[in-house]
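Enquirer: To start, I am sharing the structure in question, which I have written as structure tokens.
The values are calculated or read from the model by the stated rules, or taken from the named source; none is laboratory data. Values in this document were obtained by computation on a predicted structure and should not be read as measured data. Please note: Cβ atoms are built from the backbone with ideal geometry, for glycine as well, and neighbour counts cover all protein chains shown. Just so you know, the surface numbers come from the protein's heavy atoms only, side chains and all, with ligands and any DNA or RNA stripped out. Shrake-Rupley method; radii C 1.70, N 1.55, O 1.52, S 1.80 Å.
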There are 2 protein chains.
Amino acid sequence: MTDDDQELGITESKSHNTGEWYAEVVRKAGLADYGPEGMSGFIVTRPRAYAVWERLQSFLDAKFKSTGVQNAYFPLFIPESYLEREKEIVEGFDPEVAWVSEAGTKELEERLAVRPTSESIITPYISGWVRSHRDLPLRVNQWCSVVRWEATETKPFFRTKEFLWQEGHTAHATHEDAWEETLTRLDQYESVYEDLLALPVLRGQKPDHDKFPGAHTTTTVEALMPDGKSVQGATSHHLGQSFAEAFDITYADEDEEERLAHTTSWGLSWRALGALIMTHSDEQGLVLPPTVAPEQVVIVPIWQEETKDEVLSYAEDIAEELSDAGVRVELDDRDERNPGFKFNDHELHGVPLRIEIGPHEVADGELTLVHRPDGESVVADREGIVGTVEEHLETIYAKLYAAAEETLDGAVREADDRASILGTLGQHGGYVTAPWCGEEACEEPIKEAMAAEIVMVPFEDDDPLVDEGHDETCAICEEPATRTAYFAKTY
Amino acid sequence: MTDDDQELGITESKSHNTGEWYAEVVRKAGLADYGPEGMSGFIVTRPRAYAVWERLQSFLDAKFKSTGVQNAYFPLFIPESYLEREKEIVEGFDPEVAWVSEAGTKELEERLAVRPTSESIITPYISGWVRSHRDLPLRVNQWCSVVRWEATETKPFFRTKEFLWQEGHTAHATHEDAWEETLTRLDQYESVYEDLLALPVLRGQKPDHDKFPGAHTTTTVEALMPDGKSVQGATSHHLGQSFAEAFDITYADEDEEERLAHTTSWGLSWRALGALIMTHSDEQGLVLPPTVAPEQVVIVPIWQEETKDEVLSYAEDIAEELSDAGVRVELDDRDERNPGFKFNDHELHGVPLRIEIGPHEVADGELTLVHRPDGESVVADREGIVGTVEEHLETIYAKLYAAAEETLDGAVREADDRASILGTLGQHGGYVTAPWCGEEACEEPIKEAMAAEIVMVPFEDDDPLVDEGHDETCAICEEPATRTAYFAKTY
Ligand SMILES: [Zn+2]
Ligand SMILES: [Zn+2]
């Protein structure tokens, strides 16, 4: 074995050292490198990961466009006075930002923030574009990167000082319209996770004390990671009228009266890639669902000198037929590598389906299909290969989803007092549901004892505690409970 | 007329005040707004312009991907020491950059530049990824924004401190491979202009003294603007081995010898949008070719109270049929606006083809088609409308291209001495070709007398002066001429 070969395999354990294992998969599967010296917290997104991000973008962007969203692009920088204005109206808004204070060879008169999020620059423009009720709803979205100078440890895609995301910003005539918008986007985020990434999520709203500063309601989709922590998968905010008031978004209504608009904002970042990689991958390396895999199928021909020509030509025909049908297929005909090396290599890189073809397969008009997630191996007829492969790709998606769903379903546990919340979280991780009075003070004791918090509360319609007449009490303070809280550890 | 209506029209003259007219089209057609106070030089790209950029991106990106390019994403910031390293090896590299020196609440140990271009951060990573000849060619591209703090006046899409672009970076085993890459990208840029934007371009190389610093050869496509100036439409650089040497991109060749790679880089920015807008638009507003127009067709129904239902239902059927066939069509059924207002509105916004439908058209099973660029109006049958519309869209593209080509063809003039170069440029603008010795000194007198320079030199194969045995002399110094220089004023 060369150095190269030794370097190839994953050496860390997913269950025992999840963090180290994750970092190893990211690096060895060629997904990302760390930033240059002096730039800790930054990563270089390599083509393999970026291709997944592009598929996610195109999936979500099509949904946005089919529901009235237009893309735009706003400046990378935000004047300090704009951020100050947001701070004044929005208590608790104090992002850790990177400041540009020199440009060219001059000191700037006013510092410019590298955008940490764009509410404060987009909202004033929306204000200028909205004149009449006919201009509403107004929806703009941008795909861009943002910078937040958090001092925590870097975890590619989960925690980086710069990250890629999209941020949508909308204005509406009524509170109800804004609420409908908020949920439309949340549905679309849920669909990214469930229909594209094979990741079931929980949906609900953040407790009031953990809303986006200034928001009326923050809604969220939460995904469970294999180490039992919850990841906030995307958020969609009903901003009420606070931003409209601060930035003066008013419109002339049909009755000619001037009215204040209602706004929303919503974002999904490349953290979704982190959740994807961490959930499905294993100790052979990356696992990707066929929906986002750069190559869905790899064909590995197995030949001896005297069978090489017939095996290769059989394999090439199959590759061409699959490719013509729109399947993303790679034929690995490298001379200098043996089949065993190739199997490991493509497992490490997360190709969902492997086709093995040797002289026996050629003779019998067959081929062998191997599923990446569980190694299941099936011999199939050469004839009808396109349909066969498509079925197997669907099966692989279903397997990944089912495994993640089973984990999630088994990870939601009930508790009704402080000791059992802490005990259950400590022993199992995952989500612990408990009746809750709604006060932030009752989250404190849990937060202090371990890095856990209320990650969400189900929507009113889904929360049995919203019924009149129930008599449950808060698991912490024993006052009447008003909502069900989902406690979990988080990243 | 309301204020709104008065504001609608273009008031500046394209031929007399090209700059003011351009700015007015950009603003009134809803393409871009200027940045906030304190951020002169920045623009907000509104959905109408961004949608054109997205079509350009998807056209070019597909070409890239079909020729072996992978997208990636590198950090927004570049450590000062990395830029310094580039400066040391590349004489003349001294970009005006924006510096981040504080982040969070701390001074940074090392200043970070907001990327002005990414050679200095991408090349070291490429160096790490290339080990063997099997890793070559290696091609990465990123779509991103860059910042260059130039103090010149803002012209949306032509000159802005932040602009959107793509930058491709590749490494190759041989000089010839890198040269082939350079020309492949130049061909693709030419195709963006000629096949997507209806803009014929000239192609060639920059004079040696105007190459990208450190490059072996800089190739360019140049577009003629209506005010007679030339715009550098995109550049593709053969970087030779200077970057490979500085950043140590070596590979083990088949014979196990360690060899130095050859690199290229190539970029196209949103300046292409500026060239598009400026060339085709007129005093009614924006003109777009159907290839990139957000709406290719607008249907304006013309009704009286008693004919409204039948006209609208006829128009809706047509809209549906076109839309089902993949035509981007909008039915303008606004009640509160009359047809004349709508005509002006869609002309201002650059919809290539208008369909007018009144009660007569309904009665006769017909409709009226009006071409945006020249107002040509044709009555056509309702039957077969999809094919008819597609033909008209092609005709509109061909009209725009032909007009631009005629202008370009008429704008290339010959001269053979200094006085006639200056006289011709002064009188007509456009391109003046002249035999040239190849020395920068012979560009100086022209540059000093007016803001004109050698914007390109045809490739050797296209340049008659490269033949042995010609006896022409440099138009300036009268030494033997080696190449044909294209002089032009530039932005
Ligand atoms: Zn309580
Ligand atoms: Zn000369």
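Enquirer: Only residues that are open to solvent by 10 Å² or more (accessible area, probe 1.4 Å) and aliphatic (A, V, I, L, M): list them for the range B:169-195, please.
Expert: B:ALA173, B:LEU183 - these are the residues of the range B:169-195 that are open to solvent by 10 Å² or more (accessible area, probe 1.4 Å) and aliphatic (A, V, I, L, M).
Enquirer: Which members of the range A:406-422 meet the condition of being within 16 Å of A:MET450 (Cβ to Cβ) and in a helix (DSSP H, G or I)?
Expert: Those that are within 16 Å of A:MET450 (Cβ to Cβ) and in a helix (DSSP H, G or I): A:ARG418, A:ALA419, A:SER420, A:ILE421, A:LEU422.
Enquirer: Here is a further query. State all residues of the range A:426-438 that are more than 26 Å from the chain's Cα centre (by Cα) and crowded, with 16+ Cβ neighbours inside 10 Å; if no residue qualifies, say none.
Expert: Across the range A:426-438, the qualifying residues are A:ALA434, A:PRO435, A:TRP436, A:CYS437, A:GLY438.
Enquirer: Using the structure shown, decide if B:GLN57 is open to solvent by 40 Å² or more (accessible area, probe 1.4 Å) and within 8 Å of another protein chain (Cβ to nearest Cβ).
Expert: No: the conditions fail for B:GLN57.
Enquirer: Within the range A:466-489, can one find any residue that is more than 14 Å from ligand 1 (Cβ to nearest atom), among the small types (Gly, Ala, Ser) and within 33 Å of the chain's Cα centre (by Cα)?
Expert: Yes, the range A:466-489 contains at least one residue that is more than 14 Å from ligand 1 (Cβ to nearest atom), among the small types (Gly, Ala, Ser) and within 33 Å of the chain's Cα centre (by Cα).
Enquirer: Sticking with this one: Output the strands (runs of 3 or more DSSP E) that fall wholly within the range A:241-283 and possess 2 or more residues being in contact with a Lys or Arg (Cβ under 8 Å, 6 or more places away or on another chain), or say none.
Expert: Answer list for the range A:241-283: A:250-252, A:262-269.
Enquirer: Filter the range A:98-114 down to the residues that are within 7 Å of another protein chain (Cβ to nearest Cβ) and not in a strand (DSSP E or B) and list them by number.
Expert: A:GLY104
Enquirer: Does A:ARG134 satisfy the condition of being among the basic types (Lys, Arg), part of a strand (DSSP E or B), more than 7 Å from chain B (Cβ to nearest Cβ) and over 17 Å from B:PRO75 (Cβ atoms)?
Expert: no
Enquirer: Right, another one. Is it fair to say A:ALA441 is more than 14 Å from every other protein chain (Cβ to nearest Cβ), within 16 Å of ligand 1 (Cβ to nearest atom) and either surrounded by fewer than 16 Cβ atoms within 10 Å (Cβ to Cβ) or among the polar types (S, T, N, Q) (or both)?
Expert: Yes.
Enquirer: On the basis of being farther than 30 Å from B:LYS28 by Cβ, free of Cβ contacts under 8 Å to residues at least 60 places away in the same chain and either in a strand (DSSP E or B) or open to solvent by 10 Å² or more (accessible area, probe 1.4 Å) (or both), does B:SER236 make the cut? Let's see the steps before the verdict.
Expert: Numbers: farther than 30 Å from B:LYS28 by Cβ: yes; free of Cβ contacts under 8 Å to residues at least 60 places away in the same chain: yes; either in a strand (DSSP E or B) or open to solvent by 10 Å² or more (accessible area, probe 1.4 Å) (or both): yes.
Spelling it out, B:SER236 is indeed farther than 30 Å from B:LYS28 by Cβ, free of Cβ contacts under 8 Å to residues at least 60 places away in the same chain and either in a strand (DSSP E or B) or open to solvent by 10 Å² or more (accessible area, probe 1.4 Å) (or both).
Enquirer: Could you check the range B:437-455 and list, in sequence order, the residues that are near ligand 2 (Cβ under 9 Å from one of its atoms) and either outside the structural domain of B:CYS474 (by TED's automatic domain parsing) or in contact with a Ser or Thr (Cβ under 7 Å, 6 or more places away or on another chain) (or both)?
Expert: Listed by number, the residues that qualify are B:CYS437, B:GLY438.
Enquirer: Considering each residue of the range B:376-432, count those that are among the aromatic types (Phe, Trp, Tyr) and closer than 17 Å to B:LEU353 by Cβ, and give that number.
Expert: 2
Enquirer: From B:GLN304, B:GLN284, grab the single residue that is within 30 Å of B:ASP227 (Cα to Cα) and either of a type outside the set (D, E, K, R) or touching a His at 6+ places or on another chain (Cβ under 9 Å) (or both).
Expert: B:GLN284
Enquirer: While we're on this one: Checking the structure you have, find out if any residue of the range B:11-28 is within 11 Å of another protein chain (Cβ to nearest Cβ), more than 16 Å from A:LEU112 (Cα to Cα) and under 24 Å from the mean Cα position of the chain (by Cα).
Expert: no
Enquirer: Another one. Among the residues of the range B:147-168, is there at least one that is open to solvent by 40 Å² or more (accessible area, probe 1.4 Å), in a helix (DSSP H, G or I), within 10 Å of chain A (Cβ to nearest Cβ) and free of Cβ contacts under 8 Å to residues at least 60 places away in the same chain?
Expert: no
Enquirer: Which condition number does B:ARG413 fail, the rest of (1) touching a Ser or Thr at 6+ places or on another chain (Cβ under 6 Å); (2) closer than 26 Å to B:PRO226 by Cα; (3) open to solvent by less than 40 Å² (accessible area, probe 1.4 Å) being met?
Expert: All conditions pass for B:ARG413, except number (3).
Enquirer: Then there's this: Name every residue in the range B:456-485 that is open to solvent by 10 Å² or more (accessible area, probe 1.4 Å), outside any loop (DSSP other than H, G, I, E, B) and more than 15 Å from ligand 2 (Cβ to nearest atom), in order of residue number.
Expert: If the condition is that a residue be open to solvent by 10 Å² or more (accessible area, probe 1.4 Å), outside any loop (DSSP other than H, G, I, E, B) and more than 15 Å from ligand 2 (Cβ to nearest atom), then B:GLU460, B:ASP461, B:ASP462, B:PRO464, B:VAL466 are the ones that fit.
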